[in-house]
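Okay, structure first, notes after.
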Amino acid sequence: MALTALQVKNAAPRAKDYELADGDGLSLRVRPCGSKTWRFRFRLDGKQSHISIGALDRVTLAQARQLASEARQLVGQGKHPGHERKAERAQAAADRANTFEALALEWIEHKAARWSESYATAVREAFGKDVFPHLGTQPLAAIKPRDWLAVFRRIEARGALEKLRKVRQRCGEVYCFAIATGRAEYNPVADLGSALQAPEAEHYPFLPVAELPALLAAMCACRGHDVVKLGARLLMLTGVRTAELRCAPWAEFDLDASLWSIPAERMKKRRPHLVPLSRQALEVLRELQAITGGYTLAFPGRNDPAQPMSEAAINQLLKRCGYDGKATGHGFRHTLSTTLHEQGYPSDWVETQLAHVDKNKIRGTYNHAQYLDGRRKMLQWYADHLDALASGGNVVAGSFGRTA
């Protein structure tokens, strides 16, 4: 006969444990100490077993019957209710541990070996500002597409569309990492692009090579720190990235060998890069050495020589010279690339000079060394061409083959 709520309440302790049956395997176990616990007994695979459903002070008679009914259904499916419950608890614990922030930081750690430190820092800062405060503490399994849409629309509302694109892309990569490591089943940010504004393609302003001498003249006449002016000229002559220049220590430059050796950890693509130095580039570096040669960095910051020159320093100089919106430090790479390609220099030489990675890793390593002599001649022509333009002359490139 089924128990009543009054029977359950009035069940008094005895000298030994005893049970009051409710039916269909459910019973109330009463212990001498006065505690009362629900039990469900069942037979599975020919073996008698039982599970505890909970104490009476937390589980009422009606709740116990519901839990027993759910356990009975599992038994009917050939599943052990206790094992299923443990698995559910383990999954819940894993979900609590697998928050988006925890997975994102693990992903960053996994990828950081192939990133520059500045890029890794930028990724962490973007997550810390735009994602972690809103969804960082939530388990991946609990975050829905609408939650991500709300996060992304906050960025969109600021008008930071390029930032939005990058953050959404990185969030998607975290989910891909989680799926690959068995901690997520799908990527909820993958299909949100149609609900968000897309940034326009970013094009860095750049000058035709014929206009660079006028820019150099404007820089000479413009107020500004000589270190920044020399940095801008070295960018023009080498085509390196601004970050590669700003953070360069003097130890990387071998002026006697006319070579700048940038280690892999400072390169965007995490591969070492050799930069041959033209006669004009050496003149820039020797002039710079007279100013900053006593420091570790070739381009130290004005307020703290232990830190590199400001990221905005060169572009601010160009702005003061009247070239705001017309030229950027990064744009010098475009000018160099366009000019050298137009002069018929092998694309392999130009792309290697710009540190664009060869998709074939082995071939890329071989080509880097193979093209060094060719690139040295190429950059010397480019530097001579700039000088000739400044004096109203011209330097004509010769005929170039694929061997250095």
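The values are calculated or read from the model by the stated rules, or taken from the named source; none is laboratory data. Every value quoted in this text rests on a predicted model; they were computed, and no experiment measured them. Don't worry about glycine lacking a Cβ; one is built from the backbone with ideal geometry, like all the others, and counts go over all protein chains shown. Accessible surface is based on the protein model in full, side chains and every heavy atom, while ligands, DNA and RNA are left aside. Shrake-Rupley method; radii C 1.70, N 1.55, O 1.52, S 1.80 Å.
My understanding is that a pair violates if its Cα-Cα distance is over 30 Å; which of Lys111/Lys377; Lys166/Lys319; Lys86/Lys166; Lys129/Lys229; Lys166/Lys229 do that in this structure?
Values: Lys111/Lys377 37 Å; Lys166/Lys319 27 Å; Lys86/Lys166 40 Å; Lys129/Lys229 34 Å; Lys166/Lys229 32 Å.
Where the Cα-Cα span goes over 30 Å, the pairs concerned are Lys111/Lys377; Lys86/Lys166; Lys129/Lys229; Lys166/Lys229.
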Taking every pair of alpha-carbon atoms in the chain, what share in percent sits in each 20 Å bin, from 0 to the bin with the longest distance?
20, 35, 21, 13, 10, 1
HN-Hα J in Hz across the stretch 80-86 - Karplus 6.51, -1.76, 1.60, θ = phi - 60°, x for Gly and Pro
7, x, x, 5, 5, 5, 4
Using a 1.4 angstrom probe, figure out how much accessible area the stretch 218-376 has per residue, in square angstrom, rounded to the nearest whole.
47
Where is the GNM fluctuation largest for the chain (alpha-carbon springs, 10 angstrom cutoff): Ala15, Ala218, Ala104?
Ala15
Amide H contacts under 5 Å for Ser116, placed H, 5+ residues apart
none
Calculate one ³J(HN,Hα) per residue across the stretch 133-149 by plugging θ = phi - 60° into the Karplus curve 6.51 cos²θ - 1.76 cosθ + 1.60, and present them in order as whole Hz with x for glycine and proline.
x, 9, 10, x, 8, 8, x, 3, 5, 8, 8, 9, x, 5, 5, 5, 4
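Between Ala113 and His50, what is 0.36 nm times their sequence separation minus the Cα-Cα distance? Round to one decimal in nm. Don't jump to the answer; show the numbers that get you there.
Numbers: separation 63, 0.36 × 63 = 22.68 nm, distance 5.16 nm.
Difference between extended and current length: 17.5 nm.
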Under a 5 Å amide H to amide H cut-off, with H placed in plane at 1.01 Å, what residues pair with His80 once short-range neighbours are removed?
none
Amide H neighbours of Leu44 under 5 Å, at least 5 residues apart or on other chains, H built in the peptide plane: list them.
Ser49
Within the stretch 229-250, name every residue whose backbone N is under 16 Å away from a label modeled 7 Å from Cα of Arg302 along the Cβ vector.
229-232
Which one, Cys33, Leu192, Gly128, projects farthest toward the positive side of the charge dipole computed for the chain from Cβ point charges (K/R +1, D/E -1)?
Cys33
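Counting only protein heavy atoms, what percent of the accessible surface of the stretch 230-357 is carbon or sulfur at a 1.4 Å probe?
On the way: 2530 of 5450 Å².
So the carbon and sulfur contribution to the accessible surface is 46 percent.
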Between Arg41 and Ala221, what is the spin-label point distance in nm, taking each point 7 Å from the Cα along the Cα→C-beta axis?
10.3
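Could you rank the peptides 321-332, 49-60 by their average count of other C-beta atoms within 10 Å per residue, with the highest value first? Intermediate results must be reported in sequence, preceding the final value.
Numbers: 321-332: 18.8, 49-60: 14.9.
My ranking of the peptides, most packed first, is 321-332, 49-60.
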Once you have the Cα-Cα distance between Val75 and Gln289, take 0.36 nm times their residue separation minus that, and quote the gain in nm to one decimal.
68.9 nm
Which of Leu389, Thr339, Pro263 sits closest to the plus end of the dipole of the chain, meaning its Cα is farthest towards the positive end, when Lys and Arg get +1 and Asp and Glu get -1 on the C-beta?
Pro263
So for the pair Ala102, Arg320, with labels modelled 7 Å out along Cα→Cβ, what separation do we get in nm?
5.1
Label point 7 Å beyond Cα of Arg31 along Cβ direction - residues of the stretch 48-72 with amide nitrogen under 16 Å:
51-59
How many nm is it between the label spots at Lys16 and Asp147, if each spot is 7 Å from the Cα in line with the beta carbon?
5.2
Net charge dipole size for the stretch 1-60 [Lys, Arg +1 and Asp, Glu -1 on Cβ; Debye, nearest 20]
180
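Sequence gap at least 6, Cα distance under 8 Å: using those rules, report the relative contact order of the chain to the nearest whole percent.
11
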Rounded to the nearest 0.05, what FRET efficiency is calculated for Lys268 and Ala87 with R0 set to 35 Å and r the Cβ-Cβ distance?
0.20
Taking a ≥ b ≥ c as the square roots of the eigenvalues of the Cα gyration tensor of the stretch 83-177, is the shape rounded (a/c under 1.5), prolate (a/b larger than b/c) or oblate?
oblate
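With n ≥ 4 as the cut-off for DSSP H runs, can you work out [θ] at 222 nm for the chain, using -39500 (n - 2.57) per run divided by the number of residues, rounded to the nearest 500? The partial results should precede the final answer.
Numbers: 17 runs with 198 residues, N = 404.
About -15000 deg cm²/dmol.
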Ignoring ligands, DNA and RNA, what percent of the accessible area of the stretch 30-181 is carbon or sulfur (1.4 Å)?
51
